[in-house]
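**Q** One structure follows; several queries about it will come next.
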Amino acid sequence: MSTCDHLAHAQDPAPRTPEGCEECLATGGRWVHLRKCLSCGHVGCCDSSPNKHATAHFSQEGHPVVASFEPGENWRWCYVDNLLG
């Protein structure tokens with residue numbers, strides 16, 4: 001499996017909004033699945049969700065790695081290198 005420095009050095013900060021997507025909670029939006037930013041703990045909704053807040057967070061902040069924030073899942077994704085870890 002390929003790897004990248006972003007995945008290798010990703011942290012595991014506490015989630016900023018453990019109850020769901022930060023932006024959807026603020027606006028009354030809905031999500032399908034959740035992703036947690038491994039740079040700052042932002043919790044955003046996945047690209048199958050209407051607002052795609054996790055990807056929007058990457059686009060705005062440049063934080064490269066997210067992890068699934070779904071129970072029982074423990075994968076990570078690097079936006080920069082398009083790699084699953």
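**Q** Find all pairs meeting these conditions: Cβ atoms under 8 angstrom apart; at least six residues apart or on different chains; first residue within segment 70-83 and over 20 Å from Trp31 (Cα atoms); second residue of a type in the set (Phe, Trp, Tyr) and part of a strand (DSSP E or B).
**A** Leu83/Trp77
**Q** Filter segment 28-84 for residues that are among the β-branched types (Val, Ile, Thr) and buried (at least 17 other Cβ atoms within 10 Å of the Cβ); which is nearest to Ala14 (Cα to Cα)?
**A** Here the answer is Val43.
**Q** Within segment 16-32, does at least one residue satisfy the condition of being among the acidic types (Asp, Glu), over 19 Å from Gln60 (Cα atoms) and modelled with pLDDT of 95 or more? If you could, list the steps in order and put the result at the bottom.
**A** Kept after step one, since they are among the acidic types (Asp, Glu), are these residues of segment 16-32: 19, 22-23.
Then keep just the ones that are over 19 Å from Gln60 (Cα atoms); that gives 19.
Narrowing the set further to residues that are modelled with pLDDT of 95 or more leaves 19.
Yes: one or more hits.
**Q** Right, something else. What are the residues in segment 1-27 that are touching a helix residue (DSSP H, G or I) at 6+ places or on another chain (Cβ under 8 Å) and either closer than 19 Å to Pro71 by Cβ or surrounded by fewer than 12 Cβ atoms within 10 Å (Cβ to Cβ) (or both), if any? Walk me through it before giving the result.
**A** Filtering segment 1-27 down to residues touching a helix residue (DSSP H, G or I) at 6+ places or on another chain (Cβ under 8 Å) leaves 16-17, 19, 21-24.
Within segment 1-27, Arg16, Thr17, Glu19, Cys21, Glu22, Cys24 meet the criteria.
The values are calculated or read from the model by the stated rules, or taken from the named source; none is laboratory data. Computed from a prediction, not measured in an experiment: that's the story for all the values here. Cβ: placed from backbone, ideal geometry, glycine included. Neighbour counts: every protein chain shown.
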